[in-house]
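Before any comments, here is the structure.
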Amino acid sequence: MANFHRITPDQLRSRYWFDNPDHAGTTALCIERYLNYGITLDELTSGKPIIGICQSGSDLTPCNRHHIDLVKRVKDGIRSAGGVPFEFPMHPIHENVRRPTAALDRNLAYLGIVEVLHGYPLDGVVLTTGCDKTTPAALMAAATVNIPAIVLSGGPMLNGWRGAERVGSGTIIWELRKRLAAGDIDYAEFLSRASDSAPSIGHCNTMGTASTMNSMAEVLGMSLPGSAVIPAPYKERAMVAYDTGTRIVDMVWEDLRPLDILTREAFENAIVACSALGGSSNAPVHINAIARHAGIELDNDDWQRLGHEIPLLANVMPAGAFLCEEFYRAGGVPAILHELQTAGKLHGDALTVNGRTIGDNLQGRETQDVDVICRYNDPLVNHAGFLNLKGNLFDSALMKTSVISRDFRERFLNDPNDPEAFEGKVVVFDGSEDYHARIDDPALNIDSRTILVMRGAGPVGHPGGAEVVNMQPPEALIKQGIESLPCLGDGRQSGTSGSPSILNASPEAATGGGLALLESGDRLRVDLKRGQVQLLIEDSELEARRERLAQQGGYRYPGHQTPWQEIQRSMVEPLDRGMTLEPATKYRDVARRHPPR
Ligand code: FES
Ligand code: MG
């Protein structure tokens, strides 16, 4: 246990608002309105830590909605440890519903949390998380403000079932879309089968972005060990809500802050664990963003250097066969970390919210079921992390190698002289509407060797960046049994997708990236071994195209629909830099800025 200097009640940040005789008038104004619903003067002025609870659950955010009930146990924990809880809302972020995309709201929610944590009388905060972007928004804000903070995930849903078959959230949609396109099922059957994947409260039960990012919060040391993937309905979920409440009060007294925990070692642990989990391709975006707000330079080269060699240990969809309920029973995140530590791949001395190191927390936490969480030396896939590809069209694009299927290998990576490379003719789409309008057009001549390219889908081209790069082949090809083609794009893809697309190409077409210069019929060479994607034309031709595009005023994309879209587009950074708001990344430790401590 780390030895913390304990602060005294007069050092509590909330004293500035609630116990400040030098400013009697303003203090009275701060206090009196909280009394009007029954809070007592004693609670506000007798030196109890005031603990915020950032409530991400709402009717608009069904994946997090049970936090509305769970928060009662958080408050019980806070009270029992001598704190006073104050609940406040997070801007809703629901992944599948928000248009144009939920990712647009990550930075908006971040800004909102920062302002609340900075501007109100809070000594510490419990950040409730779940659906994809709620977790990074909360962690980014915790890093910026740097008051004691702890993350409480809502947990995944129970396993989905269709008869004896597991049905995983999101992952089933990608499968059913192919079956719908092939004519095997109709729309009613599609909806019925899709709803099998959502049998209970909680977030996606696959290792999509939600389970990945909540696991990342635990690996970073920001939530209690073993808590990330407790299924939402389990009794242990309410128990850990209580423990989270008690623990945040102690963290205030210990003055244990996010920037004590979010160190370079913690982020390197996150990269390594993400590979072993088969985590979402959105994780590098969010982890790089959290790191930037914590003042740590982390980039996609770090992801390849540290993460690519790590094997896949979690046998969870979309990379594996099981779902998060089984993953939890097999030992969850601690069992993954235990394997990584045994293999010497973990910084064991990184600090966590319980005041112990991550290594200390792992004692006795080995895998309980090697079918679900494999041993490091007997993994599901070797070299399961991301490749950071580069070339004459972009500086960085990610490929999740754990999901390259045998079929894909046989069709594209089958040259005995060069087994990690392939070449193909491209067909280019400008945004998902263009894709849907034209994909089945026979004039495109898409065949089993075509590379589908999506552009205009980055954070500027499509505000927030669209999850659209994993494009399905034309119906005619699916009916012939060709269920996937290589895809490349400047947008993202859902973490629940098992497609080995080349994603997040940065810079994006809309900000001068080379994908804007691509034309259907061009040939691309993808060389995974050398980490290269090259457009096979002369440099002079590429330059001529660049000049023509500049004369036309650059790559065109749809206009703004809302004020926030315009504001975000004016200052958002590329996906490889975390899609952060550039001016926000210079703010550090804002809780200590005047006036409050
Ligand atoms: Fe909310 Fe997947 S849609 S967690
Ligand atoms: Mg998603």
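The values are calculated or read from the model by the stated rules, or taken from the named source; none is laboratory data. Bear in mind the structure is a predicted one, so any value in this text is a computation, not a measurement. Positions of Cβ are backbone-derived with ideal geometry, glycine not excepted, and every protein chain shown enters the neighbour counts.
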- Item | Among the residues listed as 121, 85, 148, the single one being more than 16 Å from ligand 1 (Cβ to nearest atom), touching a residue at least 24 places away in the same chain (Cβ under 8 Å), over 30 Å from residue 457 (Cβ atoms) and buried (at least 24 other Cβ atoms within 10 Å of the Cβ) | 148
- Do we find a residue being out of contact with any Gly (no Cβ under 8 Å at 6 or more places or on another chain) and within 15 Å of ligand 2 (Cβ to nearest atom) anywhere in segment 162-176? yes
- Message: Which numbered condition in (1) assigned to a helix (DSSP H, G or I); (2) away from ligand 1 (no atom under 13 Å from the Cβ); (3) over 22 Å from residue 436 (Cα atoms); (4) among the hydrophobic types (A, V, I, L, M, F, W, C) is the only one that residue 180 fails?
- Response: (3)
- The lone condition residue 494 fails out of (1) within 16 Å of ligand 2 (Cβ to nearest atom); (2) assigned to a loop (DSSP other than H, G, I, E, B); (3) touching a Ser or Thr at 6+ places or on another chain (Cβ under 7 Å) is (3)
- Pick out the one residue from 569, 492, 593, 523 that is surrounded by 13 or more Cβ atoms within 10 Å (Cβ to Cβ), among the basic types (Lys, Arg), more than 22 Å from residue 451 (Cα to Cα) and touching a residue at least 60 places away in the same chain (Cβ under 8 Å). 569
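Let's see how each residue does on (1) outside any strand (DSSP E or B); (2) away from ligand 2 (no atom under 16 Å from the Cβ); (3) out of contact with any His (no Cβ under 8 Å at 6 or more places or on another chain); (4) farther than 25 Å from residue 402 by Cα:
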{"site": "500", "(1), (2), (3), (4)": "yes, yes, yes, no"}
{"site": "503", "(1), (2), (3), (4)": "no, no, yes, no"}
{"site": "524", "(1), (2), (3), (4)": "no, yes, yes, no"}
{"site": "561", "(1), (2), (3), (4)": "yes, yes, yes, yes"}
{"site": "570", "(1), (2), (3), (4)": "yes, yes, yes, yes"}
- Message: One residue is enough: does segment 401-413 have a residue meeting the conditions among the acidic types (Asp, Glu), closer than 11 Å to residue 490 by Cα and not in a loop (DSSP other than H, G, I, E, B)?
- Response: no
- Restricting attention to segment 97-112, and to residues there that are in contact (Cβ under 8 Å) with a residue 60 or more places away in the chain and either in a loop (DSSP other than H, G, I, E, B) or of a type in the set (Gly, Ala, Ser) (or both), which single residue is surrounded by the fewest Cβ atoms within 10 Å (Cβ to Cβ)? 100
- Task: Report those helices (runs of 4 or more DSSP H) wholly inside segment 194-303 carrying at least 2 residues which are crowded, with 24+ Cβ neighbours inside 10 Å and within 16 Å of ligand 2 (Cβ to nearest atom).
- Result: 209-219, 264-277, 283-293
- Item | Answer residue from segment 163-184, given it is without any contact (Cβ under 8 Å) to a residue 40 or more places away in the chain and out of contact with any Ser or Thr (no Cβ under 9 Å at 6 or more places or on another chain) and is surrounded by the most Cβ atoms within 10 Å (Cβ to Cβ) among those | 176
- Out of all the residues in segment 378-386, is one or more crowded, with 17+ Cβ neighbours inside 10 Å, touching a residue at least 40 places away in the same chain (Cβ under 8 Å) and within 30 Å of residue 517 (Cβ to Cβ)? yes
- Scope segment 317-356; condition under 28 Å from residue 142 (Cα atoms) and without any contact (Cβ under 8 Å) to a residue 60 or more places away in the chain; matching residues: 331, 335, 338, 341, 348
- Inside segment 373-412, the number of residues satisfying the requirement of being more than 26 Å from residue 285 (Cβ to Cβ) and among the hydrophobic types (A, V, I, L, M, F, W, C) is 1
- Conditions (1) away from ligand 1 (no atom under 14 Å from the Cβ); (2) on the phi > 0 side of the Ramachandran plot; (3) at pLDDT below 95; number of the one not met by residue 189: (2)
- Collect the residues in segment 314-330 that are of a type in the set (A, V, I, L, M, F, W, C) and either assigned to a loop (DSSP other than H, G, I, E, B) or within 17 Å of residue 214 (Cα to Cα) (or both), keeping them in residue-number order. 314, 316, 317, 319, 321, 323, 324, 327, 330
- Task: Could you give me the residue pairs with C-beta distances under 6 Å whose first residue belongs to segment 210-233 and is among the aromatic types (Phe, Trp, Tyr), whose second residue is within 14 Å of ligand 1 (Cβ to nearest atom) wherever it lies, and which are 6+ apart or on separate chains?
- Result: none
- Task: For residues that are touching a helix residue (DSSP H, G or I) at 6+ places or on another chain (Cβ under 7 Å) and within 21 Å of residue 445 (Cα to Cα), scanning just segment 483-515, find the one that is farthest from ligand 1 (Cβ to nearest atom).
- Result: 515
- When you go through 353, 333 one by one, which is the residue that is surrounded by 24 or more Cβ atoms within 10 Å (Cβ to Cβ), outside any loop (DSSP other than H, G, I, E, B) and β-branched (Val, Ile, Thr)? 333
- Query: Of the numbered conditions (1) part of a helix (DSSP H, G or I); (2) closer than 18 Å to residue 153 by Cβ, residue 53 satisfies every one except a single condition; which is it?
  - Reply: (1)
- Number of the exception - residue 110 against (1) more than 18 Å from residue 588 (Cβ to Cβ); (2) touching a helix residue (DSSP H, G or I) at 6+ places or on another chain (Cβ under 6 Å): (1)
- Boolean, residue 74 is surrounded by fewer than 24 Cβ atoms within 10 Å (Cβ to Cβ), among the aliphatic types (A, V, I, L, M), touching a residue at least 60 places away in the same chain (Cβ under 8 Å) and more than 16 Å from ligand 2 (Cβ to nearest atom): no
- Item | Answer from 469, 460 - the residue that is in a loop (DSSP other than H, G, I, E, B) and modelled with pLDDT of 95 or more | 460
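Could you go through segment 258-265 and let me know if any residue there is touching a Gly at 6+ places or on another chain (Cβ under 6 Å), modelled with pLDDT of 95 or more, under 29 Å from residue 404 (Cβ atoms) and not hydroxyl-bearing (Ser, Thr, Tyr).
no
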